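K.L.:
Have a look at this one before I ask anything.
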Amino acid sequence: MGSSVSCCGNDKVEEGLTLGGGGENVNQWRIFTYKELHTATNGFSDDYKLGEGGFGSVYWGRTSDGLQIAVKKLKSMNSKAEMEFAVEVEVLGRVRHKNLLGLRGYCAGNDQRLIVYDYMPNLSLLSHLHGQFAGEVQLDWKKRMKVAMGSAEGILYLHHEVTPHIIHRDIKASNVLLDSNFDPLVADFGFAKLIPEGVSHMTTRVKGTLGYLAPEYAMWGKVSESCDVYSFGILLLEIVTGRKPIQKLPGGVKRTITEWAEPHISKGRFKDLADPKLRGNFDESQLVQAINVAALCVQSEPEKRPTMKEVVLLLNTAAPVAARIKSVKYSEDLMARDQDDDDDDDDGDGRNGYEDESSVYGVFGALEAQKMEAPFRRYGERR
Ligand SMILES: Nc1ncnc2c1ncn2[C@@H]1O[C@H](COP(=O)(O)OP(=O)(O)OP(=O)(O)O)[C@@H](O)[C@H]1O
């Protein structure tokens, strides 16, 4: 961090400081006092609560100069939470991009840790797809594509444009916030990893959210940029279909979004995948393109997934030539793998065991690991 963290118990306010070691990727922020944030949020009143996550609660507030803010307040002080706070502030200070939620400030003193962001009036993508706004048709097709593209550009920046590169590790619908124009801002960098130059992947403790974890990461803690690409693929499917990454079926059975989508895709029934809430109002070529891109992103083998640069390019391509070439490859892969699965399913349970990842999970079934392996946290929770 470019500057020391000062205690928020005192009333001193430092302004215009920068984090991130200078250069272009710096962010304007300031240190808030606890008193200031307490006043802004009406004493962290429940009426001002925007939501709750693993880190703590998020409150709406208004500063004395009229700025609307969102204040994330650490729920309990322990080394894990402290680390998350430090990582989030460190990473936020390094990034500056129209599709990343920047740091407005923080407060760290005694046993209080709070992070201050700009308030995003349209809240999270999750609230529009599955939450309090899910019944409304605010999120039409055009907005969905804008959200998908903007989120992809934010992740591209993290992977390719900031030094050292950053892997987010928790790309999901609740971490995509929407401004007044429904432009998306990727948020929540508490699990982010800075990748030293020349390092292609690292092995770490698995963090993130069930339903979005890439198989190699869920099983072996192998983390690379392509883990975010995988999570983005799930997010893209979620945006297009309006379905949760993991659905609970009657009898406690869980079905992943990829398991549900796979038969439709392999039969070319793309239109069946569109969110019924769209009532048929979508651009069919964009729908096919988005699903093809998602299919590429959620391949089991990380090396087969596109980079975020390719993802942005493909999502931008009106004529889906590149995607078509790859999707043909994908279909061939799928058929070959189906054949393998038929051959190798010795115990007749439809699954071939854990030894051979590709045959177990198929091109598209990587979430199987997350459904089976305890003790992952449920959808919407963090590990
Ligand atoms: N800047 C913001 N503007 C508006 N609403 C926000 C803002 N930041 C967070 N929220 C709201 O608060 C909720 C909780 O956010 P938080 O990041 O703490 O948790 P989460 O992403 O839901 O869960 P997790 O802990 O698994 O990341 C979000 O889903 C969102 O609705």
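K.L.:
For segment 14-119, which whole-number percentage of the solvent-accessible area (1.4 Å probe, protein heavy atoms only) is attributable to carbon and sulfur atoms?
P.N.:
Carbon and sulfur: 44 percent of the exposed surface of segment 14-119.
K.L.:
Here is a follow-up. Could you work out the local net charge near Gly154, counting Lys and Arg as +1, Asp and Glu as -1, over the other residues with Cβ closer than 15 Å to its Cβ?
P.N.:
Taking every other residue near Gly154 into account, the sum is -2.
K.L.:
I'd like the FRET efficiency for Gln68 and His201, computed as 1/(1 + (r/R0)^6) with the beta carbon distance as r and R0 of 45 Å, rounded to 0.05.
P.N.:
0.70
K.L.:
Can you give the net charge of the other residues whose Cβ lies under 11 Å from the Cβ of Ser76, counting K and R as +1 and D and E as -1?
P.N.:
Details: positive: Lys73, Lys75, Lys80, Arg113; negative: Glu82, Asp111.
Once positives and negatives cancel, what remains is +2.
K.L.:
If you don't mind, another one. How big is the charge dipole of segment 14-119 about its Cα centre, in debye rounded to the nearest 20, if each Lys and Arg gets +1 on its Cβ and each Asp and Glu gets -1 on its Cβ?
P.N.:
On the way: 13 positive and 14 negative charges, 27 e Å.
So the magnitude is around 120 debye.
K.L.:
Just how much of Lys75 is accessible, in Å², when a 1.4 Å probe is used and the result is rounded to the nearest 10?
P.N.:
130
The values are calculated or read from the model by the stated rules, or taken from the named source; none is laboratory data. For clarity, every value in this text was computed on a predicted model and none was experimentally measured. All Cβ positions, even for glycine, are placed from backbone atoms using ideal geometry, and neighbour counts span all protein chains on display. Protein only, heavy atoms only, side chains kept; ligands, DNA and RNA dropped before computing areas. Shrake-Rupley method; radii C 1.70, N 1.55, O 1.52, S 1.80 Å.
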